[in-house]
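S.K.: I'd like to ask some things about the structure below.
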Amino acid sequence: MTIWTTMLNSSRHHTCLAAAFLGVCALSVQAAAPARETAATIAQPAVPGDQKNTLQEQYHSVTRQTDILQTYNQHIKDMLASQVEEKASLEKQLQDIEVTKQEIVPLIVHMLDSLDQFIQLDLPFLPEERKQRLSQLKELVTKADVSNAEKFRRIMEAFQVENEYGNTIEAYKANIVLNGVTSSVDFLRLGRVALYYQRLDGSETGFWDKEEKRWQPLSSGYSNSIRNGLRIARKETAPDMLIVPVSAPEAAK
């Protein structure tokens with residue numbers, strides 16, 4: 001009886017130990033399950049839809065800004081290259097200006113001499129006006145307080161005035177020396193082709209002989225033509241054909 005009681009008690013003791021061990025294992029399994037779920041949640045977080053759209057918008061915004069900055073940087077590079085070329089061009093121009101300053105004075109003097117010679121060889125119309133203009137230019141060239149640019153401009157204006165004489169007709173009154181006597185006459189200029197005179201009373205008509213370099217009288221048959229030419233030049237009558245003597249053109253040299 002005692003032996004069976006002891007065995008039964010021992011069996012119950014082992015049974016209790018086994019049950020306790022199984023209970024501990026169950027608790028361990030239950031505790032490990034939430035830990036695995038937490039680890040899975042951390043490894044694969046869920047992204048809400050609104051947050052996803054915000055990230056996409058930020059990405060597109062950054063992409064646009066990058067494209068804009070790249071375009072701007074390329075534009076700046078092109079501008080810098082252009083400025084380098086412009087700087088080189090300006091430096092070249094400054095060098096040319098120094099050379100031009102040295103050459104402009106001889107050019108001005110040569111142009112003035114050419115104008116003087118041209119007037120002397122031209123028809124003797126408006127002699128006082130043209131000589132006065134030439135004299136003023138010669139005085140201007142010697143002035144130190146006048147820039148070379150202004151001197152050049154004034155000489156070019158004088159050349160322009162002389163050039164216009166070749167494209168116009170003109171009638172004016174002035175004095176002339178005929179046979180040693182100074183007389184007031186009407187002059188008729190036809191461009192640079194011919195220059196005529198007629199006494200105020202119409203008693204004498206003549207022209208400038210380029211070859212002889214003097215005034216020559218015309219026959220009375222040209223008096224009406226010259227008188228009509230004077231009226232046309234003064235715009236007193238409509239333009240009309242004139243029959244007047246003209247010197248033969250000089251041969252080219």
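The values are calculated or read from the model by the stated rules, or taken from the named source; none is laboratory data. From a predicted model like this one, the values you see are computed outputs, not experimental measurements. Cβ placement follows ideal geometry from the backbone for every residue including glycine, while neighbour counts extend to all protein chains displayed. Surface accessibility is based on the protein's heavy atoms, side chains included, excluding ligands, DNA and RNA. Shrake-Rupley method; radii C 1.70, N 1.55, O 1.52, S 1.80 Å.
S.K.: Hey, can you tell me all the residues within the stretch 205-251 that are polar (S, T, N, Q) and at pLDDT 90 or above?
M.R.: Thr205, Gln216, Ser219, Ser220, Ser223, Asn224, Ser225, Asn228, Thr237
S.K.: Within the stretch 144-181, can you find the residues that are open to solvent by less than 90 Å² (accessible area, probe 1.4 Å) and polar (S, T, N, Q)?
M.R.: Selection gives Ser147, Asn148, Asn163, Thr168.
S.K.: So which residues in the stretch 115-143 are surrounded by 14 or more Cβ atoms within 10 Å (Cβ to Cβ), outside any helix (DSSP H, G or I) and on the phi < 0 side of the Ramachandran plot?
M.R.: Asp122, Leu123, Pro124, Phe125 - these are the residues of the stretch 115-143 that are surrounded by 14 or more Cβ atoms within 10 Å (Cβ to Cβ), outside any helix (DSSP H, G or I) and on the phi < 0 side of the Ramachandran plot.
S.K.: What pairs can you find where one residue is in the stretch 88-114 and at negative phi, the other is at pLDDT 80 or above and β-branched (Val, Ile, Thr), and their Cβ atoms are less than 8 Å apart, with a gap of 6+ or different chains?
M.R.: Qualifying pairs under 8 Å: Ile108/Val141; Ile108/Ile155; Val109/Val141; Met111/Ile155; Leu112/Val141; Leu112/Ile155.
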